[in-house]
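Everything below concerns the one structure shown next.
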Amino acid sequence: MRWPWDRRSLPVYSVLAATLVVGVVLLLATGIRFGRSYWIYYLSWPFVAVVGGLMFRRLGHVRSASFLELVGLIYGQGLLSFLIIVPEIPLSRNFADSALARIDRVLAFDWVAFEQATRPYSSLMQIAYRSFEWQPGVVILALILACHDRRAWEFVTAAAVAAIITAILFPLAPAEGPFQHYNITPSNLFEEQWTNEIRPLFRQIKQAGLRDLGGKIITGLVSFPSYHAAAGLLFTWAAWPLRRLRWPIALLNLLMLLSALTIGCHYLIDLIAGLIVGAISVWVAVAALELAAPADMGSD
């Protein structure tokens with residue numbers, strides 16, 4: 001009976017191991033402690049999915065195994081990245097909204113005008129923005145069913161690379177968000193969450209010395225670079241070999257990119273930086289898999 005291991009998984013497991021080590025070091029250094037809900041509720045189901053995938057692989061159900069393992073890994077890496085992001089808050093620089101808004105003006109982008117023009121379409125844009133939650137599973141399932149296993153592993157690896165790059169850059173330019181900067185009243189729950197939860201969390205950690213945290217850490221904390229923008233590029237790239245999904249996924253992610261400006265409370269430069277992070281992550285992932293498992297050698 002074979003050992004339940006796909007050599008194409010080595011790069012993503014390496015990135016996740018590095019994320020875990022760096023996160024634990026930062027938690028110990030800053031004294032920040034996550035609530036029980038993070039460890040038990042948020043991280044348990046990706047762990048179960050990965051373990052289930054390894055068990056299925058050992059039993060010979062390779063396709064089901066790949067799906068479970070890949071889904072557990074891609075959602076798990078996003079949740080694991082908070083181990084780095086949250087303890088970086090007390091180490092981060094001051095809010096960089098003025099600088100980010102200034103760069104937008106240099107790029108001739110009027111955020112306020114864009115927000116006013118798109119406000120009537122807030123519900124549609126919120127749907128596109130929230131597709132970030134289910135797109136990974138759909139893309140992975142479609143790739144596995146179409147026997148594009150290698151692209152699925154590249155996709156999950158690229159997502160992990162993008163997450164750790166985003167986490168590393170995050171403390172250099174944290175932001176309150178354009179609604180707060182421009183003093184505009186949010187028009188929906190997602191925008192209100194950034195204004196009413198993110199800002200206080202930053203201040204409680206940086207200024208009031210809050211160290212015992214609950215489940216509120218699982219929320220949008222990073223402004224620059226935008227992980228939504230990086231993910232949108234990754235979703236589109238991953239699904240590109242699938243002719244029936246290629247253009248629907250591309251259009252959906254174009255809309256998600258636009259929605260990130262208002263629903264996600266991002267500046268335009270956040271999105272540009274996120275797209276660059278996504279492109280770098282694809283290059284790193286493809287190169288890493290070629291080293292770990294050359295395409296002409298298969299997966300065993």
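Here are the numbers for this structure:
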{"read-out": "Subset tally (residues that are on the phi < 0 side of the Ramachandran plot and not in a helix (DSSP H, G or I)) for the range 35-74", "value": "4"}
{"read-out": "Tabulated pairs, the range 80-106, first farther than 27 Å from GLY31 by Cα, second β-branched (Val, Ile, Thr) and not in a loop (DSSP other than H, G, I, E, B), C-beta under 8 angstrom, 6+ apart or interchain", "value": "LEU100/ILE269; ILE103/ILE269; ASP104/ILE269"}
{"read-out": "Set SER299, SER223: member being at pLDDT below 80 and among the polar types (S, T, N, Q)", "value": "SER299"}
{"read-out": "Every residue from the range 63-84 that is of a type in the set (Val, Ile, Thr) and farther than 16 Å from VAL156 by Cβ", "value": "ILE84"}
{"read-out": "Meets criteria (in a loop (DSSP other than H, G, I, E, B) and either under 13 Å from the mean Cα position of the chain (by Cα) or not basic (Lys, Arg) (or both)) for GLY78", "value": "no"}
{"read-out": "Criterion: surrounded by fewer than 17 Cβ atoms within 10 Å (Cβ to Cβ), on the phi < 0 side of the Ramachandran plot, β-branched (Val, Ile, Thr) and assigned to a helix (DSSP H, G or I) - qualifying residue of ILE269, ILE276, ILE249", "value": "ILE276"}
{"read-out": "Selected residue (criterion: surrounded by the fewest Cβ atoms within 10 Å (Cβ to Cβ)) from residues of the range 91-104 that are assigned to a helix (DSSP H, G or I) and of a type in the set (D, E, K, R)", "value": "ARG102"}
{"read-out": "Hits in the range 105-164 - residues which are surrounded by 16 or more Cβ atoms within 10 Å (Cβ to Cβ), within 28 Å of VAL71 (Cβ to Cβ) and of a type in the set (Val, Ile, Thr)", "value": "VAL139, ILE140, ILE144, VAL156, THR157, VAL161, ILE164"}
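The values are calculated or read from the model by the stated rules, or taken from the named source; none is laboratory data. On a predicted model such as this, the values are computed, not experimentally measured, just so you know. Note: ideal-geometry Cβ built from the backbone for every residue, glycine included; neighbour counts use all protein chains shown.
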